[in-house]
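Novice: Shown below is the structure under consideration.
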Amino acid sequence: PKISHRPLLIACSEISCSSLGAAGEAKNLGPVSGPNRQRDLCTFCTISLDQEEVFRTKVFDKSVSPFYGEDFYFEIPRPFQCLSFYVYAKSVFQRDLPVGKVSIRKDDLCKYSGKENWFSLHPVDPNSEVQGKVHLEMRLNEVITENGSVGQHLSVRIIECQGLPLISGQNCDPYATVSLVGPASKTCHVHLQVTRSSSYSKKSHFQVEEEDIEKLEIKVDLWNNENLAQDVFLGETRVPVKILQNDHIHKAWYLLQPKGNGSKSKSDDLGSLRLKLTYIEDTVLPSACYTPLCNLLLKSPDVKPISASAAHILGDICRERYEAVLPMVRLLLHHNRFVPFVSAVAALELDNTQEANTIFRGNSLATRCIDDMMKIVGKNYLAVTLKPVIDEICESNKTCEIDPIKLKEGDNVEVNKENLQGYVQKVFSSITQSSSSCPPLMCDVFRSLRHLACKRFPADPHVQYSAVSSFVFLRFFAVAVLSPHSFQLRSHHPDPEISRTLTLISKTIQTLGSWGSLSKKLSSFKETYMYDFFKSFQEDKCIEKVKKFLDEISSNVSKESSGLEDAVVLKEGEVQKRTQGKKRLGKKNFKKRWLKVTNRELTYHKHKGKEAICIINVKNIRAVEKLDESAFNRKNMFQVLHSEKPLYVQAGNCVEASEWLEVLGQVCRCNEGRLATFHPSTYSGGSWQCCKSLSSSAPGCTHCTTTMLANLQLDIDCDRETERIFSLLSSNDTKLQDMEDACASMAVYQGPQREQEEYSKFTIQEPKETFQTLKQLRNIMEELRRQHIVRNYTIAYGSLDNPIVGKTS
């Protein structure tokens, strides 16, 4: 669920698959049915939320132990039961064949989070591919039978279903069968049609003998009506009749289960899949609860010394956890407090730096903060500067190996050197000519670093450049060239040969970027072939270009703007779009199109790379909102409301739909004439299907999503970031106590330095100031813990948010 639309208490989930990624490596893949022979196995892996595919890897050719090496990161936009990974064998002449799957229940994700594990593949059985939940109402009454005896009358009503899978891209057409299961002579069945309305009047009725109550189960099976084809099993649930004895009316939600309640069939060894998962789930309280902690963190830039501030303390106690700085950076960015904070932290680091040539080389709080800031703020800057040339390198596939040991038979080292030099020149020119695109906030930080470095080492004329190049070249551009997938410059990791080319380019760019800040000329290299390669560059001209670029992004002079902002592709992909004509509704009215949004316009094309069929200026977009499933009987629909007819679009999956809504919402959030209300359904049959208004121009019946304004092209939820900070502080409570003890000891102890050395892992300049901040943090954390206890009321077992699993009362 989207944080900005949360109720009082909500769990927001995200999944980050890093290192080896969501699909790292498979081994000993078993045979698949069909004509494919095991030695010819070409496989790929998909990631699914329940049965909805959200990502897939590239196809790995002819190996039973493929190394996929893919990374995926995404916010989870809806409730789910399982995260699943499917391995498929690619087939040319028929549909792809499943090799096996790994399915991890949501409740078990935390067990595997942050760890690398091998998982055995299990067979893909259609009867086990279930998702969704069903709302049941059951009653067991005593009745007087015709012969005057007392009997039991059981009634079952299906109220509604939620979360059922898509069938062929559309909502399913479900029906249910209700059975009373027990001894063979006691089993009976009832067939119920389940419509898409929210309530059903049909009930199933059974006469139950008193002695059978302990043995009987109510079994509800859901099926999709396929008309001419065989109906598809959607799931089942079983409820023991005995739980109804003391319940006047039992009404509860039940998770649908596989046939046989999940019993696994025996199978041959299908192989294994190695995964590394990171799963984070935050319970976010109302905004007012976070005000004290947020205010204390935002005061950090003004605290003297900076080491006594709450933000610095957080970085100090979480220095082993690189990701711990990110929520703090986001919070400071949103409130325009990042530059003063990072300037103060950088000044503290420079005070402890003894030599100019080691400036900002370590993994310190300052470098971590600036790294995260560049990734957040510089995302579009990277896309404008590097994406075109990175795409060219990955798609042209020229050989660039210049190491004699790694040359393949038939390779010409001089041709390779020429290829590599051409790519390096393109990347280098793209970077050194990009100063006008550098985000103002990055320029502010670089200007501050330059000033602080000159102040600390006034006798060194080169330090003003090394202070900036150590970030913009070494930690930003060179890293993005090396790993374009991690910076969203490519959708997949490049193959090994392209990776080697990118490694050589990245290495060269690092060296060229450092030339402008070196007092000596051509650097010494360990590899002879790299030394020879660098001789081909005109060093003086490169130094001149680097210094000019560094001056432009870090000087006090404001950059000249042409007034024409470069078009940046923010998102593109294949969607289903409803035609704009007046044909009657139906499947034929949806067509595959390539949708692309830049910071200037939204376009759709017949295919990727083709001319645009329609162009919508983003300034003319008045709202971007979800569309009810009932509008077209399709999930993952959204609408773009602009000056002409609404554009109705179906995304490929829930993650894609969420990303489209976020990107389009952000790009048009400052537009004039934005709508305050919208219709969540369509106008058909002479009225709006949502509110039944007759006029096609009637005002909307639902309030539009309010998109938070910010100076950055970034949607930051401050409450969630503050909750993450609270979680980090809570998980390091012992270190906070140690730091508090260290402050108390240092404030009163007047003996030798031995005592102080025990606390050298903390940065404590002023013990009393630091102690006061720690006390404030502890009081705020205690109140937040109390708020969590108060707000985190127990959700009833059997409710929509906490459905019953399996045969449980």
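The values are calculated or read from the model by the stated rules, or taken from the named source; none is laboratory data. Owing to the predicted nature of the structure, the values given are computational and were not obtained by experimental measurement. For neighbour counting, all protein chains shown are included, and Cβ atoms are generated from backbone atoms with ideal geometry for every residue, glycine included. What goes into the accessible areas is simple: the full protein's heavy atoms, side chains included, and nothing from ligands, DNA or RNA. Shrake-Rupley method; radii C 1.70, N 1.55, O 1.52, S 1.80 Å.
Novice: Accessible surface of Cys394 in the full protein assembly, 1.4 angstrom probe, to the nearest 10 Å²?
Specialist: Probe radius 1.4 Å; accessible area of Cys394 about 30 Å².
Novice: How much length, in nm to one decimal, is gained on full extension between Lys761 and Ile249, taken as 0.36 nm per residue of separation minus their Cα-Cα distance? Before the final figure, lay out each step's value.
Specialist: Values: separation 512, 0.36 × 512 = 184.32 nm, distance 6.12 nm.
Fully extending the segment from Lys761 to Ile249 adds 178.2 nm.
Novice: Along the Cα→Cβ direction, 7 angstrom out, place labels at Ser630 and Asn779. What is the inter-label distance in nm?
Specialist: 5.3
Novice: Taking the Cα centre as origin and putting +1 on Lys and Arg beta-carbons and -1 on Asp and Glu beta-carbons, what dipole magnitude results for the stretch 313-445, to the nearest 20 debye? Mind dumping the intermediate values first?
Specialist: Working: 14 positive and 18 negative charges, 88 e Å.
Around 420 debye, computed over the stretch 313-445.
Novice: Hey, rough spin-label estimate for Ala459 and Asp231, points 7 angstrom out along Cα→Cβ, what's it come to in nanometres?
Specialist: Those two pseudo-labels are separated by 8.9 nm.
Novice: Past 28 Å, Cα to Cα, is the threshold; run Lys507/Lys548; Lys526/Lys547; Lys101/Lys577; Lys645/Lys692; Lys90/Lys608 against it and keep the listed order. Please report the intermediate quantities before stating the final value.
Specialist: Values: Lys507/Lys548 21 Å; Lys526/Lys547 26 Å; Lys101/Lys577 32 Å; Lys645/Lys692 19 Å; Lys90/Lys608 23 Å.
Pairs exceeding 28 Å: Lys101/Lys577.
Novice: Please compute the net charge surrounding Ile615, taking Lys and Arg as +1 and Asp and Glu as -1 over other residues with Cβ under 15 Å from its Cβ.
Specialist: On the way: positive: Lys577, Arg593, Lys596, Arg600, Lys606, Lys610, Lys619, Lys645; negative: Glu572, Glu601, Glu611, Glu644.
Value of the local net charge: +4.
Novice: Now a separate question. Probe of 1.4 angstrom, ligands and nucleic acids ignored: what's the accessible area per residue over the stretch 104-157, in square angstrom?
Specialist: So the stretch 104-157 comes to 53 Å² accessible per residue, rounded to a whole number.
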